[in-house]
Amino acid sequence: VSIPVVTLDGPTASGKGTVAARVAATLGYHLLDSGALYRLTALSATRAGVPSDAVDALASLAAGLDVRFGDDTIEMGGEDVSRAIREEAIGLFASAIAVHQPVRDALVARQHGFRRAPGLVADGRDMGSVIFPDAPVKVFLTASVEARAARRYKQLKEKGFSANIQDLSEALRERDARDTARAAAPLVAPQGAHRLDTSEMMVDQAVESVLGWCRDAG
Ligand code: C5P
């Protein structure tokens, strides 16, 4: 039998990361934050001075990522970069390099490697559509730009970053537009996905809905 996967896809700050972590903890499943892989590639590129259109150099950085996911940390080359990759500028750079098919291809095997017993919860943009098309439970999260900007503002403030709602809304729109319009694995609701609008929803409710769909899928 194949190892079960729950996919959570959606735009920036739709709540998928928080919900994914809670669902994984409840089910005792592994967790894949696929966006972190694009962010890590973006961080290495920034540090190495590789521009966002140098496709071959970016793909080899992606293929060669030396990364370790801990419970609360993400280490790259032995350095804890869990804070550095959350910068808004790195998120934007990540979406700029994620348009390149060779960069995406370089990350596929690594993502498949997260599928280990007893199961996996994977969040991103193309988890249900491209990376785990056979996942028994697929969820597509949405939320209004206002709700997402407010959420991202709170997250950044809690991490001690400076932020302003207006700039955040603009960055969200820019990132969403690029993630949705790109030819390579665009952000789409996968076929058969359950839809969840988290604009007005508490985390607990969203988690309960996803767990309910998992139970239904048996
Ligand atoms: O989810 P997160 O905001 O961390 O992702 C950063 C960027 O990485 C996204 O804006 C998107 O362009 C890209 N990404 C992607 N496919 C994924 C996850 C993230 O293209 N599965």
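Given the criterion aliphatic (A, V, I, L, M), in a helix (DSSP H, G or I) and surrounded by fewer than 17 Cβ atoms within 10 Å (Cβ to Cβ), identify the matching residue among A177, A206.
Within the list A177, A206, the selection yields A177.
Which residue pairs have Cβ atoms under 8 Å apart, sit 6 or more places apart or on different chains, and have a first residue in the range 97-110 that is touching a residue at least 40 places away in the same chain (Cβ under 8 Å) and among the aliphatic types (A, V, I, L, M) and a second that is assigned to a loop (DSSP other than H, G, I, E, B) and surrounded by 20 or more Cβ atoms within 10 Å (Cβ to Cβ)?
Qualifying pairs under 8 Å: A98/R125.
Looking at the range 35-60, which of the residues that are buried (at least 23 other Cβ atoms within 10 Å of the Cβ) and of a type in the set (S, T, Y) is farthest from the chain's Cα centre (by Cα)?
Out of the qualifying residues, it is T41.
Could you tell me whether the range 26-34 includes any residue that is of a type outside the set (V, I, T), free of Cβ contacts under 8 Å to residues at least 60 places away in the same chain and within 15 Å of the ligand (Cβ to nearest atom)?
No, there is no match, as no residue in the range 26-34 is of a type outside the set (V, I, T), free of Cβ contacts under 8 Å to residues at least 60 places away in the same chain and within 15 Å of the ligand (Cβ to nearest atom).
In the range 1-10, what residues are assigned to a strand (DSSP E or B) and within 10 Å of the ligand (Cβ to nearest atom)?
The answer is T7, D9.
From the list Q166, Q155, Q191, which residue is surrounded by fewer than 22 Cβ atoms within 10 Å (Cβ to Cβ), within 13 Å of the ligand (Cβ to nearest atom) and either in a strand (DSSP E or B) or not aliphatic (A, V, I, L, M) (or both)?
Step by step, each of Q166, Q155, Q191 is checked, and only Q155 is surrounded by fewer than 22 Cβ atoms within 10 Å (Cβ to Cβ), within 13 Å of the ligand (Cβ to nearest atom) and either in a strand (DSSP E or B) or not aliphatic (A, V, I, L, M) (or both).
Consider A13 against the criteria (1) under 15 Å from K138 (Cβ atoms); (2) in a loop (DSSP other than H, G, I, E, B): it satisfies all of them except one. Which criterion is unmet?
(1)
Within the range 115-132, which residues are surrounded by fewer than 20 Cβ atoms within 10 Å (Cβ to Cβ) and within 13 Å of the ligand (Cβ to nearest atom)?
Correct list: V130 only.
FYI, it's all coordinate maths here, none of it is from the lab. All figures in this text were calculated on a predicted structure; none of them were measured in a lab. Every residue, glycine as well, gets a Cβ built from its backbone with ideal geometry; the counts of neighbours run over all protein chains shown.
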